[in-house]
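Novice: Got a structure here, written out as C-alpha cells. Questions coming.
The values are calculated or read from the model by the stated rules, or taken from the named source; none is laboratory data. Computed from a prediction, not measured in an experiment: that's the story for all the values here. Please note: Cβ atoms are built from the backbone with ideal geometry, for glycine as well, and neighbour counts cover all protein chains shown. Accessible surface areas use protein heavy atoms only, side chains included; no ligands, DNA or RNA. Shrake-Rupley method; radii C 1.70, N 1.55, O 1.52, S 1.80 Å.
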Amino acid sequence: LKAKKVILIGGTGVISDSVKKGLTSKGISVTRIGGKSRYDTSLLIAKQLDKLVDVHTAYLAYGFGEPDALSIAAQSGQSKQPIILTAKKSVHANSYKWLKAERLKTAYFIGGTTVIAPEIIKELNKITSENVLNNRLSGKTRQITNAKVVEKFYKNSDMQSIMVAHSQTAKLVDALSA
C-alpha cells in the first residue's frame, strides 16, 4: 500500500510499542489513538473525527457488544459520524460531557435493553435537537439487530454488492476486516 502514515487504534495493552517501533523503523509516521479503556478510546476517536467534520450524530453501542458496534460501523464511516461506546446503564461522564458540548442533532442506539438501558436514551434525548426516544435499532438476535440497521440506513440504496461474515463473537474479526 506504500502507506506513509499509520494510526494505531488502542493503547499499548492492545497494540504493543514494538509494533509502533517496527513501523517507524521502516520510515512510516505512526500516531496512536488510545485511552485507558475502550470507552476512552471511542471518545478520543470521536474527538479526532470532530477535527475533520462537524459531529452532529452519534451512534451508541455497548462497549462489550462488538456485534452491535460492527453493525453500525459502515454507516458510521459513510456518514463520518462517531460510534460512542457505553456501559449498560450509563454513558461515561467524559463522553456525555463531550456529546453535550457538540450540540447533537440526533443519536442512534444499537442494541436492545439488555445492553443499552432506556435511561441512556432518555439522557441523550435531553441533549439532541431531535427527539431520539425511538432511535433504538435492535432485535432478539445480533443478526436481527444488524438487519434493523440495514433497513434503517440502506432502504433506498441500490447496493452493487454486500459482504456477509460470520456472526459468532469469536469470529467477528472477519466482519471487522470487511
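Novice: Looking for whichever is within 28 Å of ALA165 (Cα to Cα) and among the small types (Gly, Ala, Ser) here; the options are GLY65, GLY27, GLY22, GLY35. Which one fits?
Specialist: Working: GLY27 fails: within 28 Å of ALA165 (Cα to Cα); GLY22 fails: within 28 Å of ALA165 (Cα to Cα); GLY35 fails: within 28 Å of ALA165 (Cα to Cα).
Result: GLY65 is the single residue among GLY65, GLY27, GLY22, GLY35 that is within 28 Å of ALA165 (Cα to Cα) and among the small types (Gly, Ala, Ser).
Novice: Of (1) farther than 18 Å from ALA58 by Cα; (2) of a type in the set (A, V, I, L, M, F, W, C); (3) touching a helix residue (DSSP H, G or I) at 6+ places or on another chain (Cβ under 9 Å), ILE144 satisfies all except one. Which?
Specialist: That leaves (3) as the condition not met.
Novice: So, one more: Keeping to the range 137-149, report how many residues are among the β-branched types (Val, Ile, Thr) and surrounded by fewer than 17 Cβ atoms within 10 Å (Cβ to Cβ).
Specialist: Restricting attention to the range 137-149, the residues satisfying the condition of being among the β-branched types (Val, Ile, Thr) are 141, 144-145, 149.
From what's left, surrounded by fewer than 17 Cβ atoms within 10 Å (Cβ to Cβ): 141, 144.
Number satisfying all stated conditions: 2.
Novice: Note down all Cβ pairs under 8 Å where the first residue falls in the range 97-124 and is among the small types (Gly, Ala, Ser), the second is open to solvent by 90 Å² or more (accessible area, probe 1.4 Å), and they're at least six residues apart or on different chains.
Specialist: GLY112/LYS140; ALA117/LYS88; ALA117/LYS89
Novice: Out of SER90, SER71, SER76, I need the residue that is modelled with pLDDT under 95 and surrounded by 13 or more Cβ atoms within 10 Å (Cβ to Cβ). Which one? Reasoning before the result, please.
Specialist: Numbers: SER90 fails: modelled with pLDDT under 95; SER76 fails: modelled with pLDDT under 95.
Result: SER71 is the single residue among SER90, SER71, SER76 that is modelled with pLDDT under 95 and surrounded by 13 or more Cβ atoms within 10 Å (Cβ to Cβ).
Novice: Right, here's the next one. Give the residue that is most open to solvent (accessible area, probe 1.4 Å), with candidates limited to residues of the range 5-27 that are assigned to a helix (DSSP H, G or I) and free of Cβ contacts under 8 Å to residues at least 12 places away in the same chain. Before the answer, list the steps.
Specialist: The first filter runs over the range 5-27 and keeps only residues assigned to a helix (DSSP H, G or I), leaving 17-24.
When the remaining residues are screened for being free of Cβ contacts under 8 Å to residues at least 12 places away in the same chain, the result is 17-19, 21-22, 24.
Working: ASP17: 73, SER18: 80, VAL19: 67, LYS21: 138, GLY22: 30, THR24: 65 Å².
This residue is LYS21.
Novice: Here's another thing I want to ask about it. Quick one: is ALA117 open to solvent by less than 100 Å² (accessible area, probe 1.4 Å), out of contact with any Cys (no Cβ under 7 Å at 6 or more places or on another chain) and either more than 14 Å from THR57 (Cβ to Cβ) or among the polar types (S, T, N, Q) (or both)?
Specialist: Numbers: open to solvent by less than 100 Å² (accessible area, probe 1.4 Å): yes; out of contact with any Cys (no Cβ under 7 Å at 6 or more places or on another chain): yes; either more than 14 Å from THR57 (Cβ to Cβ) or among the polar types (S, T, N, Q) (or both): yes.
Yes.
Novice: Going through the range 29-50 one residue at a time, which ones are small (Gly, Ala, Ser) and over 17 Å from GLY63 (Cβ atoms)?
Specialist: SER29
Novice: Based on this model, can you work out whether SER167 counts as modelled with pLDDT under 95, in a loop (DSSP other than H, G, I, E, B) and under 19 Å from the mean Cα position of the chain (by Cα)?
Specialist: Values: modelled with pLDDT under 95: yes; in a loop (DSSP other than H, G, I, E, B): yes; under 19 Å from the mean Cα position of the chain (by Cα): yes.
Spelling it out, SER167 is indeed modelled with pLDDT under 95, in a loop (DSSP other than H, G, I, E, B) and under 19 Å from the mean Cα position of the chain (by Cα).
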